[in-house]
1. Tally up the residues in segment 103-127 that are farther than 24 Å from T149 by Cα and part of a helix (DSSP H, G or I), please.
2. Report the residue count in segment 99-129 for those that are open to solvent by less than 80 Å² (accessible area, probe 1.4 Å), of a type outside the set (A, V, I, L, M) and farther than 19 Å from M61 by Cβ.
3. Just one of the numbered conditions (1) more than 16 Å from the chain's Cα centre (by Cα); (2) open to solvent by 10 Å² or more (accessible area, probe 1.4 Å); (3) at pLDDT below 95; (4) not hydroxyl-bearing (S, T, Y) is not true of A73; which one?
4. Could you tell me whether P66 is open to solvent by less than 40 Å² (accessible area, probe 1.4 Å), modelled with pLDDT under 95 and closer than 19 Å to Y161 by Cβ?
5. Which of (1) touching a Ser or Thr at 6+ places or on another chain (Cβ under 6 Å); (2) within 15 Å of P30 (Cβ to Cβ) is the odd one out, the single condition W148 does not satisfy?
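The values are calculated or read from the model by the stated rules, or taken from the named source; none is laboratory data. None of the values given here were measured: they were computed from a predicted structure. Cβ: placed from backbone, ideal geometry, glycine included. Neighbour counts: every protein chain shown. Calculation scope for accessible area: heavy atoms of the full protein, side chains included, ligands and nucleic acids excluded. Shrake-Rupley method; radii C 1.70, N 1.55, O 1.52, S 1.80 Å.
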Amino acid sequence: MTLHLRPRSPDDLPELVTVLRAVHERMGYPSVWPDDPAAFVQGRGEAWVAVLAGRVAGQVMLAPLPDPRPEWAAQLGQPGEILEVKRLFVSPDAQGLGLARALLAHALRESQARGAFSVLQVNESSVPAVRLYEREGWRFVVRTRAPWTDPDGSHPWVRVYAQPSS
């Protein structure tokens with residue numbers, strides 16, 4: 001099967017919501033189903049989709065860090081633009097085919113082309129995602145509490161990673 005990455009279009013949102021629902025049901029991401037899943041998928045950044053066999057099978061997004069920056073951002077020592085890799089998910093039916101790796105690499109290339117530094121946050125309970133990021137050379141920065149809550153009302157621990165060294 002041929003994998004194609006392209007910018008996300010508004011027409012992709014319904015299919016991406018369907019993919020996200022499958023990811024949520026099988027893997028628990030996101031940990032709380034959003035009230036407006038299309039808005040969650042759309043986020044506030046630039047996104048790309050993975051198309052496999054003519055179907056949208058995953059997404060990745062780059063978004064600026066919020067202002068003010070999170071406390072952990074000071075540990076990066078990066079005065080310039082920092083972009084966060086977000087909303088990376090792949091259909092359970094397409095996992096194991098390298099889509100997440102391809103989407104992650106694409107987001108990093110896009111960030112670097114803009115002269116920005118990349119980071120990402122991942123719920124530490126998402127072991128397959130943590131393994132992917134570490135396997136791809138992303139560098140652990142800090143463990144911190146997430147600003148969102150899990151279904152039990154607790155703030156999960158997240159791991160913050162910085163882009164691989166050049």
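1. Number of matching residues: 11.
2. Matching residues across segment 99-129 total 1.
3. (2)
4. no
5. Of everything listed in (1) touching a Ser or Thr at 6+ places or on another chain (Cβ under 6 Å); (2) within 15 Å of P30 (Cβ to Cβ), W148 misses just condition (1).
To keep it simple, each residue is scored yes or no on (1) farther than 18 Å from P128 by Cβ; (2) crowded, with 17+ Cβ neighbours inside 10 Å; (3) within 15 Å of the chain's Cα centre (by Cα).
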residue: H4; (1), (2), (3): yes, no, no
residue: S9; (1), (2), (3): yes, no, no
residue: L13; (1), (2), (3): yes, yes, no
residue: V19; (1), (2), (3): no, yes, yes
residue: R26; (1), (2), (3): no, no, no
residue: D35; (1), (2), (3): yes, no, no
residue: W48; (1), (2), (3): yes, yes, yes
